[in-house]
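This report concerns only the one structure given below.
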Amino acid sequence: GVVVLAGLAWYLAVSPSQTERAETLVTVEDLTLDQLELERTIRGATLRGRVENGADAARLREMTITVRLFDCELETTSLEECAIIGESDAIARVDVPPGQLRGFSAHYIFPNLPPLVGVLRWDHRITTLRAT
């Protein structure tokens, strides 16, 4: 019994958890986002678009996307020169089989946004993924 318990403890200690495996089945490089639109709402914003899953065998279940808002002097000002006025994360729950494309949306809350002085611009990045 002691040997079985020791073996089970060793297996649990060295094997990756189901969550860790789910986060590595699909990588950010496997995904293609397009037709992205950020629509302002009363409480924040909604990001809508399409995601294509280029993974060979894993099904994308959800992705966390960070959106940053910038106050830029001009539309052509580089983002590095703009003031960051808001940053928020949201989870887009999608079900995208390998090699397929689906629409998604994610809802953001941006508390305490200051009034714009220039032009509102934004960027995004995928921060976490879950797949099966």
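Rank these residues by their accessible area, most exposed first, probe 1.4 Å: ILE126, ILE91, ILE84.
Per-residue accessible area, sorted high to low, gives ILE84, ILE91, ILE126.
Mind listing the phi-derived Karplus ³J(HN,Hα) values for region 68-83, rounded to whole Hz, using 6.51, -1.76 and 1.60 with θ = phi - 60°, and x for any glycine or proline?
Once rounded to whole Hz, the list reads 10, 9, 10, 9, 10, 4, 9, 4, 8, 5, 5, 4, 5, 8, 9, 7.
For the chain, give the magnitude of the charge dipole about the Cα centre (Cβ charges: +1 Lys/Arg, -1 Asp/Glu; no others), in debye to the nearest 20.
620 debye
Would you mind calculating the relative contact order of the chain from Cα pairs under 8 angstrom and at least 6 residues apart, reporting the percent as a whole number?
With pairs under 8 Å counted, the relative contact order is 32 percent.
How much solvent-accessible surface does VAL96 expose, in Å² to the nearest 10, with a 1.4 Å probe and all protein chains in place?
Surface accessible to solvent at VAL96 totals approximately 0 Å².
The values are calculated or read from the model by the stated rules, or taken from the named source; none is laboratory data. Everything numeric here is computed off the predicted structure, so don't read it as measured data. Counting neighbours? That spans all protein chains shown, and the Cβs are built from the backbone with ideal geometry, glycine included. Each accessible area value is taken on the protein alone, full model and side chains, heavy atoms only, with ligands, DNA and RNA left out. Shrake-Rupley method; radii C 1.70, N 1.55, O 1.52, S 1.80 Å.
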